[in-house]
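Before any comments, here is the structure.
The values are calculated or read from the model by the stated rules, or taken from the named source; none is laboratory data. The structure displayed is predicted, hence computed values, not measured ones. Every residue, glycine among them, receives a Cβ derived from its backbone with ideal geometry; neighbour counts consider all protein chains shown.
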Amino acid sequence: MLVSTFHLGNIYIGVDILLVREINRSMEYTPIPGSPDYIRGMLNIRGRIITLFDLKRRFSWTREEVARQEGKEPLKQYNVIMKTHHEVMRISRRLADTQCTWEDPVGLVVDRLGDVRNVPDDHILPPPANLRGISAPFIRGVVRIEKELLVILNIAKIFGADEHPGGSAVDG
Amino acid sequence: MAEEDEELLAMFVQESTEHLENIEPNLLILEERGAATDPEIINSLFRGVHSIKGSAGFFGLTAISKLSHTMENLLGKVRDKSIEPTSEVSDSLLSALDKLKTMVHDVINSEAVDASAEVATILGILERSGHAVPSAPPPPKPAEAAPAPAAEATPAAAAAPAAAATAPAAATAVAPSGASDPFNLENFVGAVTDALKENRKFFDVRLEVTQEDEKERKEFVNQFCQLVESVGSVIDFKPPLASGGAVPSLPGNALRLLVSTVLTADLLQDIVQLKPQAIQTVAIPSALVNKLAPPVPVSKPTVAEVVEAEPTRAVAKPKANTYSARLVKPRADAGSGGSAGRTEDKAKAGQPTVEETLRVSVALLDELINMAGELVLTRNQLIRATSSFVAQSPHLASLVQSIDSVTSRIHGKVMQARMQPVNVVFNKFPRIVRDLALKLGKKIDLEVRGGDVELDKSVIEHLSDPLTHMIRNVADHAIELPKDRVAIGKPESGKVELAAYHENGMVNIALIDDGAGIDSERIKTKAIEKGLITESRAAEMSEEELLDLIFAPGFSMAKKVSDVSGRGVGMDVVRTNIEKLRGTVHIASKVGKGTRIILKLPLTLAIIPAMIVSAGKLRFAIPEIGLIEIVRVAETDLAKQIQMVCDAPVLSLRHTLLPLVDLASTLGIETQDGDGGIRWMDVWLRQHTQQQKTNAAANNQSVPKRTSRPPGHSISHYSQAIYVMVINVSGNTFGLVVDDVLDSEEIVVKPLPSYAKDTTCFSAVTILGDGSVASIIDYAGIVEKAKINFSSLEAASADMEEVTRAALREKQNIILLETPSGLVMGIVNNMVSRVEVIQRGNCRMENINHQSYMHYNGVSFHILYPDQILGLEGNGYGGESSGDDDTFCMVVPAISGLQVGLMFSRIVDTMEAYIDLDTHVIQADGLFGTARIDGRLVLFPDLNRLFQLADIMPASVDAPVDYDGMKALVVDDTPFLRIVTTTYLKQAGFQVEQAEDGMIASQRLKNTPYDLVVTDINMPVMDGLELAKEIPSTLNAETPIIATTSFISSDLVTRCVRAGMVGCVPSTDKFRLLNMLATLKRV
């Protein structure tokens, strides 16, 4: 499996590249007042309205943690725009049904971009118990790459199949 | 293959549905006009049913085929006029149609639908009229029956329809191949004329007559003829029949019939159950066509006209060809059905350039619309981005311009593609009304107009339910029973008008009836009964507001619950649905005359006009529908115009209190300029609460405090100017406070991301011109979130009204002066002739007989110290000793013949201010009252009274006419002036009542007699002149009216007199008022 990798604070994360539609520099977004705090806002990309998820808030990092992880440099963040259920469906129905359950265009905010890694499925391990920063349901597995631990995200969970009625639709 | 079948079946359903849609209105016409129905309509009915039958046969849908066959038979009889189209006939056809609809809509299960009752009814009718079908409906012959006769036909027969379809001229030559003696159509000019106008064709039908017995032969031929007559007519026989219909012995047992019918050969064959070879087309010779054919020009709307015009015109050859080519394809015709569709078809027939339509899936259309929307946005950005280069490159400018215009056009056209005529919805109402009328035993004529007005598909889709509900209501409640109508002199049948039309960029749909109307009193009683409103509230409600209550949830006016309507849900749903479409509902009604409900709908939901506003650094779109006005409140006016009622901020807007909702704080937006998320409103509230506490403490002292208005300085430096968007939602009005109004834009509505659905405050999102996203505010959601309680506010509003109204009155120009004792007095400018600031050294004081006089500039003045006369002493009276000032000032009042000066130590200020006069705090003879101005307590003396108290009243006034016991009404919207005038009149002996504006006054004048009316001219709601015109129709027709005004002019005096007033005097001028009164008394 090809994995698109990113840095978030000092952790190394990745998502299945088949689920990624495009990546762009962070740009101006519009907050949605009244939405959960991990929804950063809405973004217009060529007429599509993308809902941006703030991963750090999604992982419930506190302000101190964010400060600790981010360091002092001002961040040039990136938006990772995901494919929608319909788009993934064209590639693989199975993948769409298991990994990409959301209907709306959504995106993740990450701090830095990493390489694309080829990760054989059998190299993916269950997350170690002492992993900090991400709670288990959000993790699909971990892979040791060189000296780093790459956390492969359970994207379906992050976009909240259970918490958001809008994200739960499964198109038969 | 299976897929293809499915596709074909889908096409069948679609096609049949279209036929059914056309059949229904035509059946209603048939029902209404009976025997007088245009034969063309019956033909069209016939063809519609027939097409369904034909296709159903092809798919082996026996049930559909059987039912439609039966209907067709009956329609055939009706067409031949052998069965009178009674209501029984149309009823049976309508119920059969319903069954047919059910079957077609669920075509897969259509076989299981039991239509035997409908079939039996129709057969019953047929039987009674002696036209029972000889043979049973055709056994289904799937696939082989209708569509493929050519394939299995003999070459000779096959040639016929094909040839006819191509060139009629050639067809003549080919037609009756194996026959010895062709029918010559030249002999049947009448029949051919009829055929041409009805799109009929001629067939040569060869019938085997094998019976030996002449009687049997006659019987058999008769039966066959009857069968044929059900779908067409028999024109001639070969060999000809003997008299009395006896059939001669036939060579080769073959009787040939010339048959004229609208059907194609294959369909005819299907009905008469003969071999395909036995039926051959007889083409109409082209010469005959040219001679007889209607001259096909486009604008021949009715068949009748065509026929009358035809014989003289033998031109238009190619057109005639087109026409006859169409003759063999009636099924294509039938598709467009309906009488209107028919005429159109005729027109088209003559026009080679037919306007074609194409079915496009809605999904594709939506995608196109989306992309067109994006194109518009990109265009906007392009224009912005290139604006700086345009000057350098003229070529670029023209490119951008043309992209601009093309984009606009594309967008416009694409949006147009979504538009549908409202007829899509309207078409079903004639049937609904008919059924309801029958069921309820009423007579209702429904007139539908403006069906071609177009609305966006999404609006149309959601219009059906509310409209249906409204129409049911009208039929059920509004229209009276025929006998009741006749009893009150109305025509027996009720008239209901359903009309669509454009107005102000919206589409209005009006539903007007001439029924019983809605009794607002009954609504009132009912609403109180149901606890929807309180009695006191009900008493204040206008007729319109009361009528509006029928849209309140849980309100149903039906005296008894019926299954038509009256379940207590309904009209509220209507309003909710219409408001969801961003539309509004308006109702007007007159008891006994009827009701008018108007729905105002936007043309489209995809693009709406909106205001772009900012709140807490974010931008939002506020739909213009429902937005009544925008009020800018300057920061200096915040304190004056915004008050607290029931702990909620309200804006005094004209005569009402408008609850305010701060957009940013409702949404929980933190302002980003570092004040920790506290917005001015909160600051204001905090300040205000504190202020109230201080006031409470201060109230123990003599400081008066009537209003709960905080002093201006407490908020002004925290705040900025604000904008209040005055918004009406479900009949309630509130003000949405925003920081700024940026723009007015037509925005493209995009669905709200599902992750934002929990926030009820937004209905959708849009992309602004600069490419950023903005949420569209949902009014109802905001109201809910902000928890506005409109009812408690209304109550409070009533309490606060007096105060609010007072605050809104005219400003007065006043001079504030300080007395030597330190009191501040206010005198209205126009009571003052002049104010002189006098150097102490320049004058000489003198006391004569306990009166003070001053000699100044060679003139002597009788001087008065107002505080002394009023008996009010400030911080120690000091006369000359007041301060070290070597000046003082003297006010000379504008009272002629008086050399009086009022002594003050200095002028504090001159200003224009609202005077909110309080007559209770400090009461003294000679004092109008007190008011707080700029935090200071100001006393307003009654100068005239002062001089009376000082015994220096001018003689002219003191010829007192006795007004004791007379009653006067003082009308003035300015409390100060009202009190002034009242005081004057009271002093003259009047018993005085007050009214705040013309409207209130005219109410009182209706019930109470007065001896005098003194009214201000300029007033809100109803001004003095209007009031004067109202008075003659009241109890007080003879009562003299005197006008007061701050700016008197001869023109105004004339107008007053013309309005029936005695005259006009300057307000606050006691003498002229009393003088005018004196002239009256003498009269």
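Structural remarks
- Condition met for B:Leu61 (modelled with pLDDT of 85 or more and not assigned by TED's automatic domain parsing to the domain that holds B:Ser260): no
- Among the candidates B:Phe790, B:Phe734, residue that is hydrophobic (A, V, I, L, M, F, W, C), farther than 27 Å from A:Leu52 by Cα and at pLDDT 85 or above: B:Phe734
- Residue check for B:Thr1044: surrounded by fewer than 16 Cβ atoms within 10 Å (Cβ to Cβ), assigned by TED's automatic domain parsing to the domain that holds B:Ser1067, at pLDDT 80 or above and not basic (Lys, Arg): no
- Filter result (at the interface with chain A (Cβ under 9 Å from one of its Cβ atoms), in a loop (DSSP other than H, G, I, E, B) and of a type in the set (D, E, K, R)) within the stretch B:771-790: none
- Test result for B:Lys757, modelled with pLDDT under 80, farther than 14 Å from B:Ile612 by Cα and either surrounded by fewer than 20 Cβ atoms within 10 Å (Cβ to Cβ) or out of contact with any Phe, Trp or Tyr (no Cβ under 7 Å at 6 or more places or on another chain) (or both): yes
- Among residues of the stretch A:22-35 being at pLDDT 85 or above, more than 12 Å from the chain's Cα centre (by Cα) and more than 7 Å from every other protein chain (Cβ to nearest Cβ), the one that is farthest from A:Lys83 (Cα to Cα) is A:Tyr29.
- Residue that is nearest to B:Val765 (Cα to Cα), among those in the stretch B:597-617 that are surrounded by 21 or more Cβ atoms within 10 Å (Cβ to Cβ) and within 14 Å of chain A (Cβ to nearest Cβ): B:Ala606
- Taken over the stretch B:923-933, residues that are within 54 Å of the chain's Cα centre (by Cα) and at pLDDT below 75 amount to 0.
- One residue stands out in the stretch B:1018-1030 among those that are touching a Gly at 6+ places or on another chain (Cβ under 7 Å), at pLDDT 80 or above and hydrophobic (A, V, I, L, M, F, W, C): the one that is surrounded by the most Cβ atoms within 10 Å (Cβ to Cβ), namely B:Leu1027.
- Filter pass, B:Ile838 being in a strand (DSSP E or B), closer than 28 Å to B:Ile922 by Cβ and either of a type outside the set (D, E, K, R) or modelled with pLDDT under 80 (or both): no
- Taking the stretch B:1006-1017 as the range and being buried (at least 21 other Cβ atoms within 10 Å of the Cβ) and either closer than 12 Å to B:Glu1038 by Cβ or in contact with a Lys or Arg (Cβ under 7 Å, 6 or more places away or on another chain) (or both) as the test, the residues that pass are B:Tyr1010, B:Leu1012, B:Val1013.
- Test: residue in the stretch B:42-64 that is free of Cβ contacts under 8 Å to residues at least 60 places away in the same chain and under 19 Å from B:Arg128 (Cα atoms): no
Conditions (1) surrounded by fewer than 18 Cβ atoms within 10 Å (Cβ to Cβ); (2) within 22 Å of A:Tyr38 (Cα to Cα); (3) of a type in the set (A, V, I, L, M); (4) in contact with a Pro (Cβ under 7 Å, 6 or more places away or on another chain), marked per residue:
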residue: B:Val724; (1), (2), (3), (4): no, no, yes, no
residue: B:Asn732; (1), (2), (3), (4): yes, no, no, no
residue: B:Val741; (1), (2), (3), (4): yes, no, yes, no
residue: B:Glu746; (1), (2), (3), (4): yes, no, no, yes
residue: B:Leu752; (1), (2), (3), (4): no, yes, yes, no
residue: B:Thr766; (1), (2), (3), (4): no, yes, no, no
residue: B:Asp778; (1), (2), (3), (4): no, no, no, no
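- The requirement of being touching a His at 6+ places or on another chain (Cβ under 9 Å) and not hydroxyl-bearing (Ser, Thr, Tyr) is satisfied by B:Val453.
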